[in-house]
Structure formats: C-alpha cells, structure tokens
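The values are calculated or read from the model by the stated rules, or taken from the named source; none is laboratory data. Keep in mind it's a predicted model, so treat the numbers as computed, not measured. FYI the Cβ positions are ideal-geometry reconstructions off the backbone, even for glycines, and counts take in every protein chain you see. Side chains are part of the model used for accessible areas, which takes the heavy atoms of the whole protein and leaves out ligands, DNA and RNA. Shrake-Rupley method; radii C 1.70, N 1.55, O 1.52, S 1.80 Å.
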Amino acid sequence: MTSREYHEHHEHYEHQEQEQEQERYERRERRLSQRPHRADESGPDGPFPTATDERPVIAFFDADETLIAMKTPFSLLRYRLRQQGDVSGAEYERRVEPLRRLAALGVTPVEVVSRFYELFEGVPWDEVRSDARDWYAELRAQGCPFVEPVVARLRRHREARHHTVVVSGSWPATLQPMAEDLGIDLVLCTEPGIDARGRMDGTIRHAMFGPAKGDAMGEALAKFGADPADCYAYGDDPGDLTMLRRVGRPTVVGEHPTMVRTAAEEGWEVLPARLAPGTRRQPV
C-alpha cells in the first residue's frame with residue numbers, strides 16, 4: 001500500500017467512525033427524548049418564578065396518593081371504628097372488602113365512593129369532621145406518610161407566592177385539617193349529601209373526579225385571575241390527566257404505568273413518590 005493509498009484509507013476510516021459516532025449520538029438523544037423527565041424534590045432548575053398581583057400563579061395538587069400516601073376517607077373510617085372498639089380491624093375489613101371487590105371489577109371511582117358514603121348514612125356530619133381532626137392529630141403525632149418531594153414542592157410554591165389549591169375526589173372532613181396544616185389556600189373536593197338534620201344521607205352531592213376536576217380548576221383560575229399556561233399541577237392517577245392537561249406545567253407523581261407513559265409522550269416531569277422518613281403508605 002502506497003503512502004497515498006494509506007492516507008486515503010485512513011481518511012475513509014475516520015469518516016466512517018465519525019458517521020457511526022453521530023448515529024450513536026442521535027440514537028441516544030432519541031432514547032432520552034422518549035423518557036419522562038425525572039426529578040427529585042429540588043424541582044426544575046432554579047427557583048419557581050415569583051407570582052405578582054398582576055400575574056398570579058396557581059399550583060394545583062391532587063391529595064390522596066399525591067400529597068399523602070393513603071386514601072384518607074378509608075383511613076378515617078378505620079380510625080372511627082377503632083375508637084368504637086374495632087381493635088382487631090375485623091369490622092373495618094367486613095365493611096371495606098366489598099368495596100375492594102367492586103374496585104377490582106374496574107367500575108368508576110364515583111361508584112366506589114358512592115358505596116363508601118352509604119357506610120356513613122345517618123352519621124352527623126359535624127361528628128365526622130370532629131373525628132377527622134382527632135384522626136389527623138393522631139396521624140401527625142405518629143408520623144404522617146406525606147409524599148416528601150410533593151410536599152417540598154408545595155412549600156416552594158408558597159415561598160414563590162403561588163396560590164395552592166387541592167383538587168381531590170376525597171372529602172372535606174379529612175382534607176381540611178391537612179390543608180390547614182400545610183397552608184393550602186383552597187380545597188375543591190367531593191361533597192357528601194347532608195340532610196336537613198345535618199346528617200350524612202349516604203349520597204354524593206358533588207363528585208370531584210375526572211372532567212369535574214378540570215371544571216373546578218377553571219373556577220379557581222377565574223377566581224384568582226391566573227393564566228393556565230403559568231400554572232402547575234401534580235397528580236398520580238389517570239383520573240388526574242384532565243387536571244394535568246389544563247395547565248402549562250404538569251407533573252406526574254409516582255410510577256403508575258399510564259401516567260409515566262403519558263409523561264414520556266408529553267414531555268412532562270415525573271416526581272418520585274418517596275415517603276417521609278420513618279413512615280409507610282396506609283393501604284385501603
């Protein structure tokens with residue numbers, strides 16, 4: 001091989017290497033672009049933009065399994081039954097197991113919640129709310145299973161003067177004491193039917209699931225005068241997709257396959273559902 005042939009061969013080889021390296025780079029970039037952006041509690045680069053009176057910002061949060069690792073109405077039911085002597089949890093299981101089976105059939109959340117509210121028919125609503133405050137105080141004392149990265153985000157939103165709003169399928173009894181504790185500005189949630197005597201009538205007066213969450217967010221946006229493009233939302237479940245798609249800065253919480261896949265497709269951020277140290281999720 002002559003010197004000229006050697007150099008031509010070497011240049012051809014280098015050119016092939018460059019092309020292959022470019023192809024590897026492009027494949028890597030395509031793979032990365034198909035993954036959801038995962039973050040820790042530190043959030044996006046830099047602080048959240050500070051809201052002003054002229055340009056308000058809202059951060060919307062689902063509650064159960066997003067801010068706190070439990071279904072709070074079921075946790076309150078367990079607490080009430082224990083206070084009534086159900087130390088073993090047998091009565092709780094007797095009442096809740098039919099609801100678990102119903103959920104396993106794939107019925108809508110509102111159908112399960114309707115059956116749950118039937119368990120409280122005839123109970124004074126003020127009594128439920130009072131028990132809920134005692135329940136939350138005990139939970140706080142024992143260690144509340146908050147989803148730590150989401151609660152950290154909540155604090156940062158408050159520091160940036162953002163309005164904080166919970167939009168949840170849960171009920172006011174358990175959400176209000178938690179909202180007061182965390183400094184949440186507004187709670188929009190499922191409302192139980194209350195009769196003229198102030199007792200729960202076993203029905204749902206207003207459900208807050210799926211599209212209803214988007215409608216409630218519209219009311220909050222109008223109330224605070226915020227542009228959806230400037231706002232944030234956090235949710236863990238496919239029922240929260242309406243909420244997440246309503247804002248310019250949505251974040252998925254946890255590892256639900258549908259949510260992680262959607263986050264990848266839409267380029268949304270994903271936060272880990274890591275619990276506060278020393279706590280654990282409460283199962284239904």
Practice problem: Look at residue 126 and say whether it is acidic (Asp, Glu), in contact (Cβ under 8 Å) with a residue 12 or more places away in the chain and surrounded by 15 or more Cβ atoms within 10 Å (Cβ to Cβ). | Solution: no
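Quick one: is residue 243 in a helix (DSSP H, G or I) and within 18 Å of residue 148 (Cα to Cα)?
Answer is no for this residue.
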The correct count of residues that are open to solvent by less than 10 Å² (accessible area, probe 1.4 Å) and either part of a helix (DSSP H, G or I) or among the aromatic types (Phe, Trp, Tyr) (or both) in the range 142-176 is 10
Test residue 233 against the criterion of being under 18 Å from residue 152 (Cβ atoms) and either in contact with a Leu (Cβ under 8 Å, 6 or more places away or on another chain) or in a strand (DSSP E or B) (or both), and give yes or no.
yes
Every listed condition ((1) at pLDDT 95 or above; (2) surrounded by 15 or more Cβ atoms within 10 Å (Cβ to Cβ); (3) in a helix (DSSP H, G or I)) holds for residue 93 save (2)
Counting only residues in the range 189-206 that are of a type in the set (A, V, I, L, M, F, W, C) and open to solvent by 30 Å² or more (accessible area, probe 1.4 Å), the one farthest from residue 246 (Cα to Cα) is identified as 196
task = For residue 164, indicate whether it is polar (S, T, N, Q), modelled with pLDDT of 95 or more and farther than 16 Å from residue 208 by Cα.
result = yes
Requested in this report: Examine the range 109-121 for a residue that is buried (at least 20 other Cβ atoms within 10 Å of the Cβ), aromatic (Phe, Trp, Tyr), closer than 15 Å to residue 191 by Cα and within 18 Å of the chain's Cα centre (by Cα), and state whether such a residue exists.
Outcome: no
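In the set 220, 212, 226, which member is free of Cβ contacts under 8 Å to residues at least 12 places away in the same chain and closer than 30 Å to residue 54 by Cα?
One residue alone meets the criteria, 212.
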Going through the range 69-90 in order, the residues found to be buried (at least 18 other Cβ atoms within 10 Å of the Cβ) and part of a helix (DSSP H, G or I) are 72, 73, 74, 75, 76, 77, 78, 79, 80, 81
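Among the residues that make up the range 241-248, is at least one of them within 23 Å of residue 69 (Cβ to Cβ), hydroxyl-bearing (Ser, Thr, Tyr) and open to solvent by less than 50 Å² (accessible area, probe 1.4 Å)?
No, the range 241-248 contains no residue that is within 23 Å of residue 69 (Cβ to Cβ), hydroxyl-bearing (Ser, Thr, Tyr) and open to solvent by less than 50 Å² (accessible area, probe 1.4 Å).
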Flagged pairs (Cβ under 7 angstrom, 6 or more apart or on separate chains; first in the range 185-201, of a type in the set (A, V, I, L, M) and at pLDDT below 95; second surrounded by fewer than 18 Cβ atoms within 10 Å (Cβ to Cβ) and outside any strand (DSSP E or B)) are none
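Would you check which residues across the range 49-73 are more than 12 Å from the chain's Cα centre (by Cα) and either of a type in the set (D, E, K, R) or farther than 18 Å from residue 156 by Cβ (or both) and list them? Please lay out each step first, then the result.
Step one: of the range 49-73, the residues more than 12 Å from the chain's Cα centre (by Cα) are 49-58, 72-73.
53, 54, 55, 72, 73, listed by residue number.
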Among 226, 216, the single one that is assigned to a loop (DSSP other than H, G, I, E, B), over 14 Å from the mean Cα position of the chain (by Cα), buried (at least 17 other Cβ atoms within 10 Å of the Cβ) and not charged (D, E, K, R) is 226
Inset, instruction - Report yes if residue 136 is part of a helix (DSSP H, G or I), modelled with pLDDT of 95 or more, of a type in the set (Phe, Trp, Tyr) and closer than 22 Å to residue 236 by Cβ, otherwise no. - result: yes
